[in-house]
Amino acid sequence: MFDPKLLDSQQSTAMSAIAGIGMDLIYISRIQKAFERHGERFLKRILGAGEREKFERRYARDRQRGVTFLATRFAAKEAFSKAVGLGIRSPMRWSAMQTLNAPSGKPMVVLSGELKQWYEARFGEAHVSLTDESDVAMAFVIVERKV
């Protein structure tokens, strides 16, 4: 039997666990143009070391796949900054927020430096989902409250 009180209780518990949600949708061509225009400087500014390594491998095999990877990571950084309410200002630095993959393939948020310290003092887990389709890349980030 359906009990609306139970549903409200479950929703309340789930909602109280979420501290922030961020989403970004970007045209891959926009990232491709920025990369073509700024090259190495763009990569250094945007990617962390782990992302850079993965980008280099993908780009060497298939340039379009490399640019798509770059676009999904850019979208993840934008979505993360929205979820935590910082935008792109200190301590948020593009390269301090990486989206790397667990051995299972699941994308994971990996933070470093000042951003990591700032984040860990305020929030719990961060969850990221990435997707791309022909000309767009998208990222969705959910940040949990600190327990």
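Does the stretch 124-142 include one or more residues that are in a helix (DSSP H, G or I) and surrounded by 19 or more Cβ atoms within 10 Å (Cβ to Cβ)?
no
Sort through Y27, Y59 and tell me the only one that's surrounded by fewer than 17 Cβ atoms within 10 Å (Cβ to Cβ), at pLDDT 95 or above and not polar (S, T, N, Q).
Y27
Scan the stretch 112-123 residue by residue and report those that are buried (at least 16 other Cβ atoms within 10 Å of the Cβ) and not in a strand (DSSP E or B).
Selection gives L115, W118, Y119.
Given the options V109, V67, name the one that is surrounded by 17 or more Cβ atoms within 10 Å (Cβ to Cβ), among the β-branched types (V, I, T), without any contact (Cβ under 8 Å) to a residue 60 or more places away in the chain and assigned to a helix (DSSP H, G or I).
V67
Those residues that are over 15 Å from A137 (Cβ atoms), touching a strand residue (DSSP E or B) at 6+ places or on another chain (Cβ under 8 Å) and in a loop (DSSP other than H, G, I, E, B), I need them from the stretch 47-64; list them, please.
Scanning the stretch 47-64 gives a single hit, G48.
Take the residues in the stretch 81-106 that are under 22 Å from F42 (Cα atoms), of a type in the set (D, E, K, R) and part of a loop (DSSP other than H, G, I, E, B); name whichever of them is nearest to the chain's Cα centre (by Cα).
R93
The values are calculated or read from the model by the stated rules, or taken from the named source; none is laboratory data. What you see is a predicted model; the values in this text were computed from it and never measured. Cβ sites come from the backbone with ideal geometry, for glycine too, and all protein chains shown count toward neighbours.
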